[in-house]
Amino acid sequence: MKLNVPISKVMMTQIFTVEPKDKLSVIKETFDLYHFRHLPVINQGRMVGIISQSDFLRVTYGANLKPEEDQQVNEEIYGSITAEEIMTHVVRTLTSKHTVLDAALLFEKNQFHCLPIVDKGKLVGMVTPIDLVRHLKNRILLNKDMEDAGSRLPKSELSIGNSLSNL
């Protein structure tokens, strides 16, 4: 299985973003509606940070304890804190020309769970470890389908040893 596949073949391209001045209420609505775990923060077309769901939950923890009893406090929290106040400012990125292996190595070495893909300063996609697992699963299933097809491929192409040597 080849891991030199360009990350552009694996990345998500449907990305929802927020702006630095967006309030927590906008961020909450976006997380709730789309079930993403990371929101890039974009200012004038450039990515300036990222907010993870963990970042958001850390800041809004108190607002989620007793939502109906502390409505005024909750509204103040959600209406006063901005994306730029909670975002991670220094974000590790890759370009669309990097490979699946490049992403896997970064995920293994670091403690983050999302890599924005940026070309010429513009956000073009995002990749998570789940995307890499999905890619790996699809490659395995493709190889299984090829094995099931059987006799069309030479036995050397079907051997486990040969498949592992391409990793």
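The values are calculated or read from the model by the stated rules, or taken from the named source; none is laboratory data. Note that the structure is predicted; figures quoted are calculated from it, not measured. Glycine also receives a Cβ, built like all others from the backbone with ideal geometry; neighbour counts cover every protein chain displayed. Calculation scope for accessible area: heavy atoms of the full protein, side chains included, ligands and nucleic acids excluded. Shrake-Rupley method; radii C 1.70, N 1.55, O 1.52, S 1.80 Å.
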Completion exercise
Picked from the range 116-141 (must be closer than 24 Å to Ile42 by Cα and without any contact (Cβ under 8 Å) to a residue 60 or more places away in the chain), the residue most open to solvent (accessible area, probe 1.4 Å) is Lys120
Completion exercise
Within the range 1-37, the residues that are hydrophobic (A, V, I, L, M, F, W, C) and not in a helix (DSSP H, G or I) are Met1, Leu3, Val5, Val10, Met11, Met12, Ile15, Phe16, Val18, Phe36
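Would you mind finding the one in Thr93, Thr82, Thr99 that is farther than 20 Å from Glu19 by Cβ, crowded, with 16+ Cβ neighbours inside 10 Å, among the hydroxyl-bearing types (Ser, Thr, Tyr) and at pLDDT 95 or above?
Sole residue among the options that is farther than 20 Å from Glu19 by Cβ, crowded, with 16+ Cβ neighbours inside 10 Å, among the hydroxyl-bearing types (Ser, Thr, Tyr) and at pLDDT 95 or above: Thr99.
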